[in-house]
Structures are given as structure tokens and as C-alpha cells.
1. Is chain A rounded, prolate or oblate when judged by the Cα gyration tensor, a ≥ b ≥ c being the square roots of its eigenvalues, rounded requiring a/c under 1.5 and prolate requiring a/b larger than b/c?
2. Once each part is reduced to its C-alpha centroid, what is the distance from region A:1-68 to region B:639-671 in angstrom?
3. For B:Lys779, which lysines qualify as cross-link partners when the Cα separation must be under 26 Å and same-chain residues fewer than eight apart are set aside?
4. Take the alpha carbon gyration tensor of chain B, find the square roots of its eigenvalues, order them as a ≥ b ≥ c, and report rounded if a/c is under 1.5; if not, report prolate when a/b exceeds b/c, else oblate.
5. Given a Förster distance of 35 Å, report the FRET efficiency between B:Lys660 and B:Val730 from their Cβ-Cβ distance, rounded to the nearest 0.05.
6. Quick one: Cα centre-to-centre distance for region A:99-132 and region B:543-609, in angstrom?
7. Within 10 Å of each candidate Cβ there may be at most 12 other Cβ atoms; applying that plus a DSSP loop requirement, which trypsin sites (Lys or Arg not before Pro) in region A:1-77 survive?
8. FRET efficiency for B:Gln148 and B:Thr168, Cβ-Cβ distance as r, R0 = 25 Å, nearest 0.05?
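Values in this text are rule-based calculations from the coordinates and carry no lab data. A quick note: this is a predicted structure, and the numbers were derived from the prediction, not measured. Using ideal geometry, Cβ is built from the backbone for each residue, glycine included, and neighbour counts are taken over all protein chains shown.
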Amino acid sequence: MGVPIQLEVNGQTVRQEVEPRLLLVHFLRDVLGLTGTKIGCDTSQCGACTVLMDGHAVKSCTVLAVQADGSSITTIEGLAQDGKYHPVQEAFWEAHGLQCGYCTPGMILSVVDLLESHPSPSEAEIREGLEGNLCRCTGYHNIVRAVQIAAEAMGK
Amino acid sequence: MTHGNGTRGIFGSAIKRREDPKLITGRAKYTDDLQLPGMAYAAILRSPFAHARIRHIDTSQALALEGVLAVFTAQDVEEAGIPGVVPVGWLLPTLKTPAHPILAKDRVRYVGDAVAVVVAEDRYTAHDALEAIQVDYEPLAAVADVRQAVEPGAPAVHEEAPDNVAFTWEIGDREGTDTAFQQAAHVAKLDIVNNRLIPNAMEPRAALADFDPATGELTLYMTTQNPHIHRLLMSLASIGLPEHKIRVVAPEVGGGFGSKIHHYVDEAIVSFASMKLGRPVKWTATRTETYQTDAHGRDHVTTAEMAIDGEGKILGVRVNTYAAMGAYLSTFAPAVPTYLYGTLLSGEYDIPHIYCHVTGVFTHTTPVDAYRGAGRPEATLVIERLVDECAHLAGMDPVELRRRNFVPPDKFPYQTQVALVYDSGNYEAALEKALEKVDYQQFRREQEEARRQGRYLGIGFSTYIEACGLAPSALVGQLGAQAGQWESAVVRVHPTGKVTVYSGSSGHGQGHETTFAQIVAAELGVPYEDVEIVEGDTEAIPHGWGTYGSRSAAVGGSAIATAARRVVDKAKKIAAHLLEAAEEDIVFEDGKFYVKGSPDQAKTLAEVSLQAYLAHNLPKGLEPALEATAFYDPANFVFPFGTHVAIVEVDPETGQVELKRYVAVDDVGNVINPLIVDGQIHGGIAQGVGQALYEGAVYDESGNLVTGTMLDYAVPKAHFLPAFETDRTVTPCPHNPLGVKGVGEAGTIASTAAVVNAVVDALRPFGVTHLNPPVTAEKVWKAIHGA
Ligand code: FES
Ligand code: FES
């Protein structure tokens, strides 16, 4: 009873039959083995599962795999290009914007999207912009710094 | 990034973490990321009732579902003949220790109590099958509130404790304290609630058990802060396999904050399932399950009093606390509201008389155990609230009252009236630095001015102390621990001079791979890049006690430094032999050995190491190879301290509290990596602010967890918090080789009290003397409007 879907994941075309109820996050993790995308809740609050879908941050626990048919997905594994980290990845490393790292893939992808729409956000805009992503380790202080560093680097 | 001046300068240097590349690229593997060939998935059926009798369980419909491999209940555990209970690891003289079966037998005692486990070919089927299990429950009366649970006639959680009293415990001098109170000019008396908290590590708990029937060996990958403790307890109590047949591995672990210390039923259940099926079985908690089953924190109801004389000198402190244990005794639960709480009630102050009585109480709720700070935030809130209230009664500035009562710098070591000996401290220095940063006098002027305009600003202080770096083993043994608290390290120099270090600490976000390598690079004078750190695998590492209680740097790091120094001692002997000199004449500097006065004829550590392994030409009687093991047992706790200051503005119309500034001056001794230390403080502050303003687990009358999801329980978001202003003073620990203390819990221990004090300060014009956390807008509004 699988439904055939075709989508692009990190630049590669993927064709697969999936159960209609399969969540995109489980498709990425369990079917494709892309375990960089995390699961932190069952009420779409935490943002650990955030990926880019056609360039926009979505919580992949709120999307069915079949709904992703025809789309282009970027997960954390696909963010670095040609062995070079994305400026947001660099900035998180530089600013110590992560501790346990569990929120980090989702956080980084949310920030990529945020900086896309707000290239030079204020501190308040950054904090509001991260509303959908929870971090229990950092107190957000260094995540905010990381976003500022990334914004600066990307603006150059 | 700077490495300071050579490898020795690396200790103290703010280098970027080496663990980050795998984390920012999604390559790190956490437990739920692991897949083994033939792996099946488990889901656990949990009680929907806080208290009920199980009349009957029918698993037939679940078993009939396609893809379901097995369903196990308490009966299967019993028939298998394994011990099947999880133990408590800290005993008190009066403690009642009812059994905690891994699957509930005929009674469930909290919402979330495990009743059955389904194993299926995939996750979805396993969860579907839960709904097909029919359990015939007979609901019974339940009690969730710690005070109601000890009222006469309250429903008993366990037959062994008909009055729900798990233990009573006291510390200090009751009569002396009562007498001291009679001399008081003022007595502050407050009813203080330390609200129940849910830890919320972002990675839910998970376990992947792989039992090999051919060898009889169980490999268990799990979310743990202390793999060896899990192995020990699994062997002794829950599963009963011999210890050498169990291997526990901590893959990447996504935060713990205490919640991954304890031995839960879940890892025993999946291990049992794997043993029965001979297949790897993985279980991962949903967030709903973590809310119901991760051991909660705090949940104290306290009556606290402080007596002062006419000059503002503290005469005595008297505390009576009811502390919830929940439905069962979690691993270290009895220690938290006793030895980690009552012993901290002297704060930073020279207090001549203290008495504390604690009643541990069973309730039909999730078990309560160590959560970041564990006992010490509770004590800090009590003491720091009392100090503020005393200042108010005496008409004194709260800063001045603190100053008058600090243990002065020349009084260390200082014996408190509640067992601890503070080894060092300079409380006034941290306070002064914090006052300067907030410009205290200026703030008071602004506050007055604002009040005239109908705006309510408040400032709150928390001049805190903590005892961490757990702990001298003989001492904790006397206090009831069924565990040692030393730490192990192996420093192995390879023939090429590269180094691998095996540590009994087990990090889960703290950056040990970076800081421990900094320690070793500094000790051995080798490049930082040449040092590898291995943790979190019982097969690779000698016994260790893991990471909690801010012990990794102070105890784990000290073990590493001790082992590294032993390596240098041995290498020195070999170098002396090679250089044909007396050992006493050998100088070791920047990774090189040379005869005093001839630095140009040096042997590097790598050269010496190669000779140590070739063993062609070693000093007589010296064994080959170059490695050392240390089992470091600390001489005392370590005592970080500092001053945290919160500035808030309260909107009298809505009751909304805005945290405007947060200043933290901490003294955590010598700092290995400032970047990581600051990060630990930030995260700690956020959790303490969470307790103060946002977080609180709420149960209804019948024991349902009302705050059962992230929708109802407010884990702080980025915009709930300000940027933090951090600074330090440095008072090195006098009794460990690195002069380090601990930093993991300091922020949490200090911050709740600072924020609550700030809100009360803001509301003084309304006659408010106390508010219990979480200080929500609703509570504030009611306090202002006298509702
Ligand atoms: S897993 Fe939490 S929002 Fe998707
Ligand atoms: S780094 Fe651990 S949750 Fe964000």
C-alpha cells in the first residue's frame, strides 16, 4: 500500500514508496538514514526536526513524507558545500553556540532561513525568530551571538 | 584561535570545541540514530491512572497484529527469574525502601508507571499495538500533593509506608537554634515552595539493547551520564547478568541535567526484551513519556525562619521541609533533599545555629531525583529569600546585611554548623565586582525615580555557595551512598608520542573532549591535537562514576592530571637513563627532558615513549610501556560561589515580569576554557530563571500531570531571556591538583533566588513580602491587587 514519492534530498533525487502516515522526519531518519535531523517532541514545539523544504524552514515532524513529494529538502547533512561549512555552521562553532548538539541541526537550519528573510536582524528579532526552536543547554546567549556572527559574515 | 604561549598556555585558553564539527554537520550518533541488523522496536504501555489495581491484562489482540513480535508483562519478568527491580542507591537510617518492579505487577502508582512492553518490527506498529493491549484497572484514590500525602487518611502509595513518610532526617542543633531565636531582634518567617520541575533534556531518553545468546553478553547503548553505574545496577538489581557480561555504551548524549543519571525501568525492560528475543531492541521515549517518566526535580514545601540581632547579624536558621519522592525511590533521590540540601543552609554566611528537618514523602507522581543543582538551588532559594526578608524587617539594605554576615576571607577553612568545611572563599570580592557591574547606587536612584512614575523596577541578589565535585568516597559512604565518588583516568602515551586518555567521566554536552585534552596537553607538554579523549564505554574504561554534581573537572580532571603526572614521573626515569644522568637532575619542560643546564641535549616525550615501548634499554627493574592509571578520590567537596544579580521590571497592570538584566560573577576556581565555562553558566542561569518565572509541573487532584507536554510546560524560549553579563573572580581550589572547582550547576543554583528576590523587591511598594516560583503574571497580578 505504499505511495510512490519522488523528491530531492540534499541535491539527490530520491524515489521511494512510503506508507501514507509516515512522517517526513521518520522518512529522512529511518528510511534514508539521514539521522542528523532530530526528534525532540511530539507536539511540534521543539524545532529539533527542522529542515529546509524548498528553501524554507519546516518542522519535519509536522509534514508527511507524501506531502514532500516533488519538493527539495535540505537537511543538516546537506548544508556544507564542497567540504566547506555554511557560515551559520561556522558561526555556531566559533561562538560556542552549542553544547549537547541535539537542538543544533534544527537551530542552524532555522537560522539559515531567518537570515534569508532578515539579513541583519536586531537581537530582539533574532530571539523572536528562534521562537520555534528550543535549546535547553545554552540559555541561547551564544546562539544569539552565533546568529550575529553569521549575519555579519554573510553580509560581507 | 590562540593557543597561548606554547602548550602550557593551553590550560585556560578559550579554544573552540573539538566536538563541534560532528555536531554541526549532523554526523554525531545519538542512541536513537543507531540501527543494528535485525533490530526491533519497543514501545512501553504506561498507566493512565495515578493509582489503580491491575485486575487483568489481555495482550492477545496486540500479539495478533502483523509485525508484533512479543508483548511482555510483569508475569514474563517473574517467569524469567531475573531480579526485575530497580534499586535505590542512597540509604538513610529511617528510609523505607519498597520495591520498584521494572513492570508493574498488580498496582500502578503514577501516571506513566510501566505496565507492558510491545516489541515489533517497526516503530509505528509497536505504538499501534499499545492501543490493542487491554488492561482492566480498578482506579484507586491517589494523592499528588506533598503536604496532603502526609495528612491522616491520605491514600498510601506503599504498604511499607502507610503514612507516606519515606524518611525523616535532620541536621544541626535543634535546641541551640531554638535558644538563639529567643535572642532575636527580628525573625523572618516564610513559607517557601520549590516548584516541581521537568528536566527537559532535548534528547529524549532511549536505549538499544543487543543481547547475544551465543555469548551471553548484553550490549546496551543508552542515554546515560554514567555508564558504569548503569552497568552495576543492572547487574546487581534489575537484570542480574554478571557485570562482565554487560557492556554499557553512551553514544552522543543530548543533555542530561541529572535526568540521565538514574537507573530507570526502561533500559531494563528493553534489555529483558532483547534477552527474550535474541534480537537488538530499541526504545526511544516520546516527549510525553519523558514528561511522565524522567525523574522530576525539586518539589519542596518549606517553612523557613531566620533570626537576626539588632545589628543585622544572623543568629540562627530553622527549616522544616517536606520533599516529594514521587511514587518510587529513584536512584539517588534520598540524598537530594538531605545531604545536598540541609548541608547548604549556611549559605555564604557565618551562622552560629542551624537546624533543618526534612520529611521525604511518597506521592502518586513521577519519581523525583537530582535535577541540575539538586538540593542546592532549593537551599539557596530558602537562604537568600530569608536574608532579603530579614533585611526588610531590620530596615537594612539587603547587600549590607549580606556583607555583615559573610564568612570573612581569613576564616577559611570554615566549619559550618551543617557538616561542611568550606575550603576557601572570598565572597565580598565577587559581590563588589557584581555591584560595580550593575552600578548599584545608581540603580536604586533609578528605581526610586521610576516608582514615582508608576513603574516598578526590582533588583535581586543571590550571594550563593555550592558544594560540588562529589565527593570523598568514605564521607559519602558514611552518609548512605551505595557508590564511591572517586574518578578514574588512564593516560596512555603511544610509541609515537600521541596520547589517548580514558576517563570515567561521561560528558553529554560539557565539552570534555576539549577541556580534558587541554589538561593533558598542558601536563605533558604535547600538542593539543595529539591528545584523544575516550569516555562513555564500560568496555574501554576502568570503572568510573560519571558526570553529574559538577564533578567532571574537579574529580575527573584531577584524575587525568594525576595520571599524566605519573606518566611524566616514569618518563623521567627513562630519560635519565638515556641521558646517563641522575633522575633528580632531569628537568621536564614543554614536553622535553634534559639534564639541568643542558637544554640542547633534550629527549622529547615521543622519543622517551618509543624507548619505553621498544624496551631495549630501560633502567633496571622498570616495566616497559608508558601509561598510567589514577583513581582519584577527592579530599573534600569543592565550593564555587559568587554573586548573581537580576534586574526586573514588573508591569502592575498585567503582572508581567520582564527580566531586564542579569549579571553573574562566579568563582569556579581556575578556568580550563573560558568559552566553555561561560557557556555552562549561561545554560545554568536559563534553567534557574525557568524555575523562577516559567516552569512548574502541575498535577490535578487525581494525580494527572496537567503540564504533560511542551505546550503546557514552559521551557524558556530565546525571547524569554536577556543576554547574560558574566564575569569571574578566581579563588583556586586548595586541595586538587588543578585548582579547579565545578561550573555545571552554579548558574542554576544561584539564579532562581536572584530573580525571585528581584520580583519581590519590585513589589515592595505593594507590601509583598514573598512569592513562590514560578512567579507568573497571574501570581504577580494577584499579589498586587490583593486577590
Ligand atoms: S520534533 Fe519537536 S517540533 Fe518536530
Ligand atoms: S545544545 Fe543541547 S539542547 Fe541546544
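1. Prolate shape, in that a/c is at least 1.5 and a/b is the bigger ratio.
2. 41
3. B:Lys189, B:Lys660, B:Lys717
4. oblate
5. With a Förster radius of 35 Å, E is 0.80.
6. If you average the Cα positions of each part, the centres end up 45 Å apart.
7. A:Arg21
8. 0.90
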